[in-house]
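Here's the structure, in structure tokens; my notes come after.
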Amino acid sequence: MSRFLGEQYQSLEAYTPGEQPRDMQYIKLNTNESPYPPAPSVVSAVPEDEVGLLRLYSDPTAKALKEKLAGLYSVGPENIFLSNGSDEVLNFAFLAFGGKGAVFPNITYGFYEVFGDLYHISYEKIPLKEDFSVDYRDYCGQNRLVVLANPNAPTGMSIPVSQIEEIVRTNPETVVLIDEAYVDFGGETCLPLIQKYDNLLVTRTYSKSRCLAGGRLGYAFASPALIADLEKIKFSTNPYNINRLTLRLGEATVDAEPYYQEKCAEIQKTRAWTAEQLTALGFEVLPSRANFLFARSPKIDGGQLYQELKQRGILVRHFTNPRICQFNRITIGTPDQMEALLAAITQILNEINERRSFCI
Ligand code: PMP
């Protein structure tokens, strides 16, 4: 830290992204990226002359992409906000709507807390229930910014839309932000509710189900007035927040919808198979509607399993928070990758068994 950093940021703890080591080729199951490439038509969507056009700024209104998304999701372009990854919508939403404070679960996406700290928003973290589910009643009548990931991360568990509606209905004076980063893997969207409630903000990302994490593209749905607020923040910080190439890729992605539906279905199938195999190995696996599983084994410490897998070239995500430190979050990869994961776990558990019987 330099001596120039504002005093208010000196104790800020930044978000720690999942590791991206370059020392060897890992099977990467730690940041919930898609194991599949973008659709072939997306890969070829950027013509050479678009690269030449990089001398010009991108369209700050992102009109073409908004219109395509509006068609796909049956909303108006005025209901859509586009961002440089959904982290950016979250950033703008905390800045714009966090004035009365914020509330979110104690086990959820770690960035919410960082945005709260960054903007000096007073926030409360409400514990998840014993079974790691969200008790929706905790969020009714809060009268401050409510932020819920649905499905939640890192648990993968989802909240029924009827309960989301109750939360939105009982907080009419504040924004309820539902982060649907993982909704395409079997979750239930609350998108239709934006027509009924002017305080609901639904955020989405191209990073997971649209195989475009490196393109940095996120979006949000809400009433036109909420979208206008976000646009105001965007035009006060970085009007050209999405580059020309990513805008083109985003449009081509909408046109390739059937490809992505198919990949999401494949991931759900692989998820069910992996959960079954882990359960057979004695793991407790939380019921996931996302592209990852959250699992713990009574036979091995969560941190140790993470380390042993890493030594074998497989990366999963481990969190040190005491409530969840026995778990690992495992991104669903291809069937081959999951077979490699299960073979490695079986080997690790066998070695533990052998060591135990040797000691006896
Ligand atoms: N929300 C949740 C719940 C996430 O897990 C992530 C990914 N880390 C994001 C939002 C942000 O994703 P992106 O910025 O890549 O759109």
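Quick notes on this one:
- Candidates PHE81, PHE94, PHE132: whichever shows maximal mean-square fluctuation once the chain is modelled as a Gaussian network with Cα springs under 10 Å: PHE132
- Volume per residue that the Cα convex hull of the chain spans, once the total is divided by residue count, Å³: 163 Å³
- Largest-first ordering by accessible area, 1.4 Å probe, given options THR253, THR170, THR279: THR279, THR170, THR253
- Summed side-chain charge close to GLU173 - residues other than GLU173 whose Cβ falls under 14 Å, Lys, Arg +1, Asp, Glu -1: +2
- Here the range 55-257 is assigned +1 on the Cβ of each Lys and Arg and -1 on the Cβ of each Asp and Glu. Its dipole about the Cα centre then comes out at about 620 debye.
- Karplus-derived 3J(HN,Hα) values for the range 15-32, using 6.51 cos²θ - 1.76 cosθ + 1.60 with θ = phi - 60°, are 5, 9, x, x, 5, 10, x, 10, 6, 7, 7, 8, 7, 9, 10, 10, 10, 6 Hz; glycine and proline are entered as x.
- The range 135-241: proportion of alpha-carbon pairs further apart than 18 angstrom, %: 51 percent
- Kirkwood estimate for the range 55-257, i.e. one over the average of 1/r between Cα atoms, Å: 17.0 Å
- Close amide H pairs (under 5 Å, H built 1.01 Å from N) link TYR123 with ALA102, residues at least 5 positions away or on another chain.
- GNM top mover of ALA222, ALA343, ALA153 - the chain, alpha-carbon springs below 10 Å: ALA343
- Hits among lysines - C-alpha to C-alpha of LYS66 under 22 Å, sequence gap 8 or more where chains match: LYS196, LYS208, LYS232, LYS234
- Listed residues TYR197, TYR57, TYR36, most fluctuating in the chain (Gaussian network, C-alpha, under 10 Å): TYR57
- Positive-end residue of LEU212, TYR240, LEU82, charge dipole of the range 55-257 with Cβ unit charges: TYR240
- Debye, to nearest 20: dipole size of the range 1-135, +1 on Lys, Arg Cβ, -1 on Asp, Glu Cβ: 200 debye
- Calculated [θ] (222 nm, deg cm²/dmol) that DSSP helices of n ≥ 4 give over the chain, each run adding -39,500 (n - 2.57): -11500 deg cm²/dmol
- Projecting the Cα atoms of LEU191, PRO287, GLY250 onto the charge dipole of the chain (Cβ charges, centred on the Cα centre) puts PRO287 farthest toward the positive pole.
- These residues, MET24, MET338, MET1, go from largest to smallest accessible area, 1.4 Å probe, as MET1, MET24, MET338.
- Set of aspartates and glutamates near LYS129 by C-alpha distance (under 17 Å), chain-local residues within fewer than 8 positions excluded: ASP138, GLU284
- Cut-off 10 Å between beta-carbons: net charge of the residues surrounding TYR260, Lys and Arg +1, Asp and Glu -1: -1
- Heavy-atom accessible surface of the range 215-360: percent carbon and sulfur, 1.4 Å: 54 percent
- Accessible surface of the range 104-210 [probe 1.4 Å, protein heavy atoms]: carbon and sulfur percent: 46 percent
- In a reduced charge model with +1 at each Lys and Arg Cβ and -1 at each Asp and Glu Cβ, the chain shows a dipole moment near 380 debye about its Cα centre.
- Residues of type aspartates and glutamates that LYS63 reaches as a straight line, Cα spacing below 18 Å, ignoring anything fewer than 8 places off in the same chain: GLU50, GLU78, ASP229, GLU231, GLU251, ASP255
The values are calculated or read from the model by the stated rules, or taken from the named source; none is laboratory data. Just so we're clear, the structure is a prediction, and the values are computed from it rather than from any experiment. Note: ideal-geometry Cβ built from the backbone for every residue, glycine included; neighbour counts use all protein chains shown. What goes into the accessible areas is simple: the full protein's heavy atoms, side chains included, and nothing from ligands, DNA or RNA. Shrake-Rupley method; radii C 1.70, N 1.55, O 1.52, S 1.80 Å.
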